[in-house]
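Structure first, commentary second.
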Amino acid sequence: MSHYPRASFIKSANAPAGFVPDEGAEVAFAGRSNAGKSSAINVIVNRRQFARTSKTPGRTQLINFFVLREGARIVDLPGYGFARVSEKKRDHWADLIADYFETRASLRGLFLIVDIRRRLTDFDRQMLSFAETVGLPVHVLLAKSDKLKRGQAASALLEVRRELGDVATVQQFSALSRQGEGQARAKLEEFLGLE
């Protein structure tokens, strides 16, 4: 049973003019292509194929808006860094994401999905600096934690926490085993409740 029975896709946008009205509260999800962003969204919302997953990295090429309930949305941002696209397309995404961060008054928080085996990449740091510029709280999901032994996962968590300090909160997460699902959902609700 989904915690968000009324959750549904609203629309995709390729330009700021296509964004949904800037009201209520929304939380963005970002991550390097193939970090497991769509799978994380599906587990947190508890709906299969809610955000479309694909074996091909970089399938999310537009900004996708989803309603969770009245006045509460999540936003799936284009995957970055791995997708095989032209430089022009990549520049367009960068501008689109920058516009999104700079113009959305309803944006309350950012979930950054990071493959625990890769730690933070330069692309992740760029997203963190976007968020910092607009004073947006960030929660990092160290996804695919089931791919590491428990000790390795714990040391990865410590390493990322140390690097981020108080810039973001961090947790282990696995879409496969559903590890960290409740903690992630609680953080989503916390962000949606921020004024």
Of all residues in region 37-76 being assigned to a loop (DSSP other than H, G, I, E, B) and at pLDDT 90 or above, the one that is surrounded by the most Cβ atoms within 10 Å (Cβ to Cβ): G71
Top-ranked residue of region 156-195 - restricted to ones that are over 14 Å from the mean Cα position of the chain (by Cα) and among the β-branched types (V, I, T), ranked as surrounded by the fewest Cβ atoms within 10 Å (Cβ to Cβ): V167
Search result, residues across region 1-33 that are within 12 Å of the chain's Cα centre (by Cα) and either within 20 Å of E181 (Cβ to Cβ) or modelled with pLDDT under 90 (or both): V27, A28, F29, A30, G31, R32, S33
Subset of region 132-155 (residues that are part of a loop (DSSP other than H, G, I, E, B), modelled with pLDDT of 95 or more and loosely packed, with under 13 Cβ neighbours inside 10 Å): K149
Residue ID - farthest from L62 (Cα to Cα), chosen from residues in region 12-36 that are without any contact (Cβ under 8 Å) to a residue 60 or more places away in the chain and surrounded by fewer than 13 Cβ atoms within 10 Å (Cβ to Cβ): P21
Qualifying residues in region 91-120 (those that are surrounded by fewer than 16 Cβ atoms within 10 Å (Cβ to Cβ) and more than 25 Å from P21 (Cα to Cα)) - the one modelled with the highest pLDDT: R117
Search result, residues across region 83-125 that are part of a helix (DSSP H, G or I), over 22 Å from S39 (Cα atoms) and not acidic (D, E): K88, K89, R90, H92, A94, L96, A98, Y100, F101, T103
Subset of region 3-21 [assigned to a strand (DSSP E or B) and among the polar types (S, T, N, Q)]: S8, S12
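The values are calculated or read from the model by the stated rules, or taken from the named source; none is laboratory data. Everything quoted here is computed from the prediction, not taken from an experiment. Cβ coordinates were reconstructed from backbone atoms using ideal geometry, including for glycine residues, and neighbour counts include every protein chain displayed.
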